[in-house]
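The values are calculated or read from the model by the stated rules, or taken from the named source; none is laboratory data. Note that the structure is a prediction, hence the values are computed from the model and not measured. Note that each Cβ is placed from the backbone with ideal geometry, even for glycine, and that neighbours are counted across all protein chains shown.
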Amino acid sequence: MDAIVKPFATSTAVVTQADRPSQTEAEEAVRTLLRWIGEDPGREGLLDTPQRVAKAYREMFSGYERDPADELGRTFEEVAGFDDMVIERDIYFHSHCEHHMVPIIGKAHIGYLPDGRVVGLSKLARVVDIFAQRLQTQEAMTAQIASTIQDVLNPRGVAVIVEAEHMCMAMRGIRKQGATTLTSTFTGVFKDGPEEQARFFTLLRAGAKA
Ligand SMILES: [Zn+2]
């Protein structure tokens, strides 16, 4: 798994700007798909659709343009000796599965045990967003979030839980609605010490709205 996950952990675009098709080519590809599903790209309601889809894709997949390591770059070290667990729970995200390019909707919970360096809480949410705005599998995304925080912040350990619903399971295939997939990655003391992992789950539950 590491072999798949690592190259994307902190890198930005997989394809260089020069290799990318133009916006016109992207719009043409949307017209092809429209014809393929049985539509007429020339009818009035669809005239601007290829342009809109290209624009939406640019936004929904903007995670390739951004480096999650940059977001964590600015740390706040003066935390008056605070070195206990930091937890950011219920970080909502939208992503797309790499198998069907259909939405994955869910939330991430992140915990880490600082080693002198602490980041602003919004930064953790931004790391989630950057990875979510790429084509994903939930397993890879969970591991990428954990390894980026571990690599950049170098805390004593990182715990990441992702729970999400995969629209490709609800809208097609087995059409199972409301099924949630749970994935987790633990590093450092969370991986090696069951008591820190247990404390993470206890704190997570304590913060949960009943
Ligand atoms: Zn899928």
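Screening Ile104 against (1) among the hydrophobic types (A, V, I, L, M, F, W, C); (2) away from the ligand (no atom under 16 Å from the Cβ); (3) under 22 Å from Glu71 (Cβ atoms) leaves a single unmet condition, (2). You will find that of Lys176, Lys191, the residue that is under 22 Å from Val118 (Cβ atoms), surrounded by fewer than 20 Cβ atoms within 10 Å (Cβ to Cβ), out of contact with any Pro (no Cβ under 7 Å at 6 or more places or on another chain) and not aliphatic (A, V, I, L, M) is Lys191 and no other.
Residues that are over 20 Å from Gly188 (Cα atoms), within 16 Å of the ligand (Cβ to nearest atom) and of a type in the set (Val, Ile, Thr): does the range 42-51 have at least one? For the range 42-51, residues over 20 Å from Gly188 (Cα atoms), within 16 Å of the ligand (Cβ to nearest atom) and of a type in the set (Val, Ile, Thr): absent.
Given the condition touching a residue at least 24 places away in the same chain (Cβ under 8 Å) and of a type in the set (Gly, Ala, Ser), answer yes or no: does some residue in the range 38-52 qualify? No, the conditions are met nowhere in the range 38-52.
Those strands (runs of 3 or more DSSP E) of the range 100-210 in which 1 or more residues are in contact with a Leu (Cβ under 8 Å, 6 or more places away or on another chain) occupy 103-113, 157-166. Met141: under 18 Å from Met101 (Cα atoms) and surrounded by fewer than 22 Cβ atoms within 10 Å (Cβ to Cβ), yes or no? So Met141 fails the test.
Just one residue in the set Leu124, Leu72 is under 14 Å from Gln150 (Cα atoms), of a type outside the set (D, E, K, R) and assigned by TED's automatic domain parsing to the domain that holds Thr185; that residue is Leu124. Pro114 passes every criterion in (1) more than 15 Å from the ligand (Cβ to nearest atom); (2) of a type outside the set (Ser, Thr, Tyr); (3) surrounded by fewer than 19 Cβ atoms within 10 Å (Cβ to Cβ) apart from (3).
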